[in-house]
1. Out of all the residues in the stretch A:132-146, is one or more within 28 Å of A:ARG90 (Cα to Cα) and within 13 Å of chain B (Cβ to nearest Cβ)?
2. Considering only strands (runs of 3 or more DSSP E) fully contained in the stretch A:34-130, which possess at least 2 residues that are under 29 Å from A:CYS161 (Cα atoms), within 13 Å of chain B (Cβ to nearest Cβ) and out of contact with any His (no Cβ under 8 Å at 6 or more places or on another chain)?
3. Within the stretch B:294-306, identify whether any single residue is more than 14 Å from every other protein chain (Cβ to nearest Cβ), over 38 Å from the mean Cα position of the chain (by Cα) and surrounded by fewer than 17 Cβ atoms within 10 Å (Cβ to Cβ), and answer yes or no.
4. Looking at this structure, is A:GLU160 surrounded by fewer than 22 Cβ atoms within 10 Å (Cβ to Cβ) and farther than 16 Å from A:ASN117 by Cα?
5. Return only the number of the condition from (1) open to solvent by less than 60 Å² (accessible area, probe 1.4 Å); (2) farther than 30 Å from A:ALA36 by Cα; (3) of a type outside the set (Val, Ile, Thr) that A:GLN155 does not satisfy.
6. I'd like the residue in the stretch A:163-197 that is more than 30 Å from A:PRO13 (Cβ to Cβ) and β-branched (Val, Ile, Thr) and, out of all such residues, is surrounded by the fewest Cβ atoms within 10 Å (Cβ to Cβ).
7. Could you identify the single residue in B:LEU6, B:LEU79, B:LEU11, B:LEU30 that is open to solvent by less than 20 Å² (accessible area, probe 1.4 Å) and away from every other protein chain (no Cβ under 13 Å)?
8. Select from the stretch B:190-213 the residues that are assigned to a strand (DSSP E or B) and within 22 Å of the chain's Cα centre (by Cα) and list them in ascending order.
Amino acid sequence: MPDKTTIPATPPPPVLRARALAKGYNTPRGRLAVLADITLAIDPGEFVSIRGESGAGKTTLLQILGGLDRPDSGELLWNGETLARETNARLARRRARWLGCVFQNYHLVPELTAHENITLAARIVGHPLRDATPDATRLLATVGLAQRATHLPSQLSGGECQRVALARALINNPSLLLADEPTGNLDERTGASIMNLLIELTKSARIALILVTHNTEFAQRATRRFILRHGVLQPA
Amino acid sequence: MWPCYLARKQLFPPRRFPLFAFISIVGVALGVTALLVVQTVMHSFGEEHRRRIRESYGDVIVHAGGSPIGAATRTSALLLQKTPGATAAAPYLEGQAILMSDEADIRFVGVRGIDLDGEARVIPLDRYWEAGRKEDFDDEHVILGATLAENLGLGLGATLTLTSPGHIAQAIDGQRISLPKEFHVSGIIRTGFRPADEQTILLTRRAAAELFGAAPDTASAIHLKLRDHTQAGDTAHQLNRHLPGNLRAAPWSGFRKAFLDAVAMEKELLFFLMFIIILVASFSIGSTLFNHVVRRTREIGLLGALGARPRQILQIYITQGILIGLAGYALGATLAVLILHFRQQIVQLMGQGETLLQQYQFAKVPLHYNTPDFLKTALLTLLLMTTVSLLPALWAARRKPSEAMRDAG
């Protein structure tokens with residue numbers, strides 16, 4: 001009888017791994033270091049919050065983690081693959097499939113309806129409109145805007161725009177969702193409702209979430225919490 | 001193709017007047033209209049002149065280098081029989097005469113002696129006929145150009161006297177001369193071509209021969225009508241290889257060549273000048289397009305964040321340039337066709353009818369559309385609009401998503 005050995009399942013690689021990321025900008029008074037030594041690993045489905053003072057570099061960090069900008073030094077890996085040698089076009093293609101973004105100002109295309117804004121993200125990835133349409137309809141219903149599908153952003157409230165932005169961020173089933181002050185422009189009640197929706201949807205789909213916020217209460221709900229201070233992430 | 005879809009949506013936003021698109025399209029359309037109107041009018045002048053020349057001289061003219069052609073009737077019949085593609089041939093006898101009428105001074109006129117039936121098969125006399133009956137035309141009667149008849153105050157049945165300058169010279173030399181001969185007006189024609197209407201006096205060829213003291217059945221030339229006038233050059237060339245004696249064939253295109261070349265050059269020059277104007281307009285549209293793209297910085301950043309590749313962002317704004325070009329061309333071409341349709345009224349409104357008559361000899365502005373002019377203008381418009389949209393499109397495509405979103409605030 002052969003010896004039956006149980007091989008333990010290999011844990012999936014972190015969705016995102018950052019090693020010693022640094023970023024600075026040239027100013028008239030010399031080089032300004034914004035990020036000094038960012039090291040971070042995020043597992044699938046994990047919820048991480050980052051707080052920090054205005055100008056601390058939270059948005060810059062988020063942009064580097066999301067591949068929207070490149071670090072001056074350090075290494076960034078998505079699902080275990082480095083991004084250092086990717087061209088801008090290839091990076092864009094990977095970003096489209098792997099990443100979802102929610103911004104403070106919603107950033108909806110003003111000429112497109114709520115439904116069209118959501119399908120646009122799917123079409124950028126390369127999905128045909130006929131495939132994207134039912135997904136967008138389902139997501140609109142999920143965020144409670146089924147009746148607002150044909151409304152333009154100018155006809156929606158701030159909270160509704162952010163729900164559309166959330167649906168857009170989720171349509172390509174990303175591995176990671178970056179939320180940059182998603183409730184910054186909303187009143188307390190609407191902000192809390194958006195936050196609940198964001199956490200609920202990412203949790204149910206096992207999407208890792210990095211939330212940048214000033215709001216201590218929302219940040220407390222994360223599984224891991226950081227404060228960005230002097231360009232370094234410190235546990236909160 | 002989402003970039004084209006987004007380009008169209010941004011250019012023609014729903015439920016809002018597309019002001020940017022409207023201004024840009026109207027800008028392009030006005031340039032296209034100006035170019036097409038100028039090109040078509042100049043082409044029409046040239047084409048109308050060519051048509052008049054063909055209708056005055058025939059498609060191919062056989063002459064004897066200034067000497068009279070004898071046995072013209074038989075030669076004409078032989079030419080008709082032997083010339084490939086010829087549908088009619090008619091001899092004519094031309095010369096200068098002195099005209100005297102009751103109401104006018106003595107004046108020199110060009111006289112053409114014709115065989116009416118044969119002539120009407122080469123030249124569309126029936127179309128030009130304004131008054132009188134063809135049946136009345138004989139050795140005692142003349143047909144006058146309408147303007148000449150008006151200037152002389154001569155109507156149907158009026159009498160005029162013609163004599164040849166050669167007779168005057170003979171009289172001075174003391175030789176026997178023929179007396180001036182009286183003719184009656186039996187017909188009036190109006191071609192719409194000033195030289196023809198001001199100078200035409202048609203006699204029978206027999207009467208003309210008598211007037212000029214030429215032998216019977218002689219002709220200055222024989223003109224031929226071809227099934228396809230564009231073959232006139234080849235036909236004349238072939239005829240010249242076989243024609244006997246001093247007979248020579250010339251295509252219609254050789255007549256008034258200098259004038260037609262001048263019209264063609266004028267057209268090219270005007271095209272060049274209009275092109276410069278359109279180039280200036282294109283750059284100002286390019287500048288508007290640049291502003292439009294700069295105002296979209298945030299969206300450019302967003303598209304990058306959503307995974308749009310630089311090539312796709314480039315595509316959005318080049319598509320917008322092409323759409324503006326296409327719509328501008330369509331509108332401009334429509335406007336041009338409308339203006340050309342009402343060209344006569346516009347010329348009258350501008351009070352330029354007499355200038356037109358004096359400079360180009362036409363009573364009405366002719367209209368001959370030229371498809372290559374329309375195609376050339378369409379190609380030029382698209383090329384210019386693609387070029388001017390390239391710069392803002394490249395600017396947009398090279399923006400880093402992070403920078404674009406930060407700059408937009």
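1. Yes, the conditions are met somewhere in the stretch A:132-146.
2. Working: elements: A:47-51, A:73-78, A:99-102.
Filter on the stretch A:34-130 gives A:99-102.
3. yes
4. So A:GLU160 does not fit the description; no.
5. Going through (1) open to solvent by less than 60 Å² (accessible area, probe 1.4 Å); (2) farther than 30 Å from A:ALA36 by Cα; (3) of a type outside the set (Val, Ile, Thr) one by one, A:GLN155 breaks only (1).
6. A:THR190
7. Unique residue meeting the criteria: B:LEU79.
8. Filtering the stretch B:190-213 down to residues assigned to a strand (DSSP E or B) leaves B:193, B:201-204.
Answer for the stretch B:190-213, where residues must be assigned to a strand (DSSP E or B) and within 22 Å of the chain's Cα centre (by Cα): just B:PHE193.
The values are calculated or read from the model by the stated rules, or taken from the named source; none is laboratory data. Computed from a predicted model, the values in this text were never measured in an experiment. For neighbour counting, all protein chains shown are included, and Cβ atoms are generated from backbone atoms with ideal geometry for every residue, glycine included. Please note that ligands, DNA and RNA were not included when accessible areas were found on the heavy atoms of the full protein model with its side chains. Shrake-Rupley method; radii C 1.70, N 1.55, O 1.52, S 1.80 Å.
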